[in-house]
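Undergrad: Pasting in a structure now, in C-alpha cells, and then I'll have a few things to ask.
None of the figures in this text is laboratory data; all of them are computed from the coordinates on show. On a predicted model such as this, the values are computed, not experimentally measured, just so you know. Note that each Cβ is placed from the backbone with ideal geometry, even for glycine, and that neighbours are counted across all protein chains shown.
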Amino acid sequence: MSSKTRSRQELETALNAAMRDASGQGVLYSQAVAERLGMNSTDLECLDHILRGPVTAGRLAEATGLTTGAITGVIDRLERIGLARRERDPDDRRKILVRVLPAVGDRVAPLFGPMERTAMAVLSSYRDDELALLLDFFTRARDAALTAMSELRALPEPRSKLKPRKPRRKVVSRKPTDGEA
C-alpha cells in the first residue's frame, strides 16, 4: 500500500514501529560498542553528550534524564577508564565541567565509523528542507522522551519487582571415591 493511500493512523503506527526498530538497533549497536570498550551502555551514551562540549554534571543529568547521583557514578567510571575528566570552569571557578580526553578519539570514535557512514549515506538522499523536517522531528522526539522519563520516575514503584530466574543447575552424579562411603 503506498503512503498516499494510507490513513493518518496507519502512517503514525508505521512510523512509531519504524522509530522503535531504529531505536532498538541503535541501542544494540551502542551495547556492542560498550562491550568492546569494557563499559556499560549508559556510560557510553553519557560520553556522547560530553563529546559535544564540556558540560556540568547537572546539565548532563538534564540531557540524559538520569539522576544527579547516577551521573556522579558515570563520571567517576569515565574518569577511571581514562575517557573523561572533571575540571574547574575557567569562567566560574565554582562550577566543575566534565570534558573528554584524547583517548576517546583513539578508542571510541573508530567503533562508530560504520554507523556514522551508513547514517550519512541515508541522509544524503534527502533534500535540505526534508533534513530540516527530520531535525525538527528528532529534536521534539528527544524532548518527548525526556518528558516520558520524568513521568516514569514519578510513578510509584511496583510492589514487587520481577526478579530474574536463576538458571537450573545440572545435577551430575558421580561415583564415590575410595575415601568416601
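Undergrad: Please label the shape of the range 61-112 as rounded, prolate or oblate, based on the square roots a ≥ b ≥ c of the eigenvalues of the alpha-carbon gyration tensor (a/c under 1.5 means rounded; beyond that, a/b larger than b/c means prolate, else oblate).
TA: oblate
Undergrad: While we're here: Pairs of alpha-carbon atoms within less than 8 angstrom and 6+ residues apart define the contacts here; what relative contact order does the chain have, in percent?
TA: Rounded, it is 15 percent for the chain.
Undergrad: Now for a different question. Based on the alpha-carbon set only, what is the convex hull volume of the range 21-147 divided per residue, in Å³?
TA: Once divided by residue count, the hull of the range 21-147 is 133 Å³.
Undergrad: Where a ≥ b ≥ c are the square roots of the eigenvalues of the C-alpha gyration tensor, would you call the range 74-155 rounded, which needs a/c under 1.5, or, failing that, prolate if a/b is larger than b/c, or oblate?
TA: Oblate shape, in that a/c is at least 1.5 and b/c is the bigger or equal ratio.
Undergrad: Still on this structure, please answer the following. Could you please state, rounded to a whole Å, how far the C-alpha centre of the range 97-122 is from the C-alpha centre of the range 6-78?
TA: 14
Undergrad: Amide H neighbours of LYS95 under 5 Å, counting only residues 5+ apart in sequence or on other chains, H built in-plane at 1.01 Å?
TA: ASP89
Undergrad: Nearest 0.05, what FRET efficiency do ARG59 and ALA14 give at R0 = 30 Å with Cβ-Cβ as r?
TA: 0.25
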